[in-house]
Amino acid sequence: MGDKKKFDFKSKKIFEYIKLFLVLLMAVICIIICAQAFTNVSNANFYATVACCVLLSALEAINAFVMKQFVAKMVFYGLDSALILTICVLTGNSFMSTIYCIVLTQCYISIESFKDKTILFGVSCGIFTFSFLIGCFVSNPYQDAIGIISGVLFGLLVIVIDYVVTVFLLKFYKTNIKLSAALKEADENRARLEEAYEELTATKVFEERNRIAKDIHDTAGHSMTTVIMQTEAAKLLIDENPQEAKNRIISANIQAKNALEQMRESVHLLAGRDKARPLKEEIEEVIAQTIDGTSVKARYDLCDAQPDYERYRFIVNSLKELLSNGIRHGKATAFYVEFKDGEEGLTLLVSDNGVGVKGKIKEGFGLKGIREKAEKLGGKMQLSGEEGEGFEIKITMPKDKETK
């Protein structure tokens, strides 16, 4: 029982149920009319009444479930009216208004236009009045005028009530269908928006992972380069100058601890913790860690600009990457670092005395990442260098609202 489809009152099938009910109701009314005619009219009239009732019920069923075109339905409505008139002439006006209401309700359901429904209602009132009067004069010519008028008015009242109630219910139902469709569409749109949001979130997560990888690469790469240099120098000095080798190892140990602390700090920053140290001090610390315990020298000229978090991290990480590249690949022993806040915006300049470049400059993972980030921030990166003449990188980006 639980697997059977439930009676559906919420879909468009409700019209089919109503039509079926009206057809069955018409059949019941016709049976009652035939039963009354069996005792009240002659045999010839009885058989004619039965034939008309059977044909009327059949036409009602065909009109309800077979005919789809409006013109065809109106033809069947004309045939129904003729049969109703014939039944009234044969048996009197019993159930006449009820039969008209059944036929009209079927038509109201099939007609979309309110104007067409109203015209049909008006025409039907005229046909009902004419048919009722004919039935009265044929079945009982001596009926008093008051009784005839009362019968006509009562029948018209029933038809009016049927029209008002049917039109109202149809309007209410169709409005409900439209609202349901609108709600369904809204749910579908919401589902699509949620899907799009999930895709956007996945993209943001991917970008954030790349940013974390870049941040850790810049921080750890710079510090580890210094550690490697210190330990390599210690290996060379361990026999000739054990004390100096020990100093180099101690310096490498301190640098390794600083690298670990910097990576932890990067994770905290990426989680949203604000940076408290001024950018100028952070740049000085990066330079100091790079040259500490080595023969590398550095000069710098720094302003006090304090950009927002994103630019802050970009400048610091870029400096670490550039210093690290200069030592590892350029074999540089001296650097000049300049950070300015001028008409161009924020400018970071890093130049070294390394081996320079021969031919076209090839950007590795680090330099490519710096260029892409600079462009994302609305800035640019410029590279210049010649073989044996060192290398220079200039990063320029617009000022942000928090730049001082």
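The values are calculated or read from the model by the stated rules, or taken from the named source; none is laboratory data. The shown structure was predicted, so the numbers you read here are calculated from the model rather than taken from an experiment. For neighbour counting, all protein chains shown are included, and Cβ atoms are generated from backbone atoms with ideal geometry for every residue, glycine included. The protein model used for the area step is the full one, side chains on, heavy atoms only, and it has no ligands, DNA or RNA in it. Shrake-Rupley method; radii C 1.70, N 1.55, O 1.52, S 1.80 Å.
Taking every DSSP helix (H) stretch of at least 4 residues in the chain, weighting each as -39,500 (n - 2.57) and dividing the sum by the residue count yields a mean residue ellipticity at 222 nm of -25000 deg cm²/dmol. For the chain, a simple Cβ point-charge model (Lys and Arg +1, Asp and Glu -1, everything else neutral) yields a dipole of about 1260 debye relative to the Cα centre. Across all directions, the average projected area of the convex hull around the alpha carbons of segment 70-111 is 2.6 nm². Only helices at least 24 Å long along their own axis, judged from Cα atoms, and with Kyte-Doolittle mean hydropathy of 0.5 or greater: name those in the chain from DSSP H. What comes out of the filter, once short or polar helices are dropped, is 14-40, 43-65, 70-91, 114-139. Annotation: extensible slack from residue 331 through residue 153 equals 52.9 nm (criterion: 0.36 nm per residue apart, minus Cα-Cα distance). Using R₀ = 35 Å, calculate the FRET efficiency as 1/(1 + (r/R₀)^6) where r is the Cβ-Cβ separation of residue 112 and residue 188; round to 0.05. That gives a FRET efficiency of 0.85.
Using a 1.4 Å probe on the protein chains only, how many percent of the accessible area of the chain belongs to carbon and sulfur? Roughly 62 percent of what the probe reaches on the chain is carbon or sulfur.
Taking the chain, the Cys residues with no second Cys beta-carbon under 4.7 angstrom are 34, 52, 88, 101, 107, 125, 136, 303. Short-range pairs are left out: with C-alpha atoms under 8 Å and at least six residues apart, the relative contact order of the chain is 9 percent.
Residues whose amide H lies under 5 Å from that of residue 298, counting only those 5 or more places away or on a different chain, are 335; hydrogens are built 1.01 Å from N in the peptide plane.
Normalised per residue, the accessible area of the chain is 58 Å², obtained with a 1.4 Å probe and no contribution from ligands, DNA or RNA.
Using the Cβ-Cβ distance between residue 24 and residue 380 with R0 set to 56 Å, the FRET efficiency from 1/(1 + (r/R0)^6) comes to roughly 0.10.
Please report the relative contact order for segment 30-97, taking Cα pairs under 8 Å with a sequence separation of at least 6, and give it as a percent rounded to a whole number. Contact order relative to length: 42 percent.
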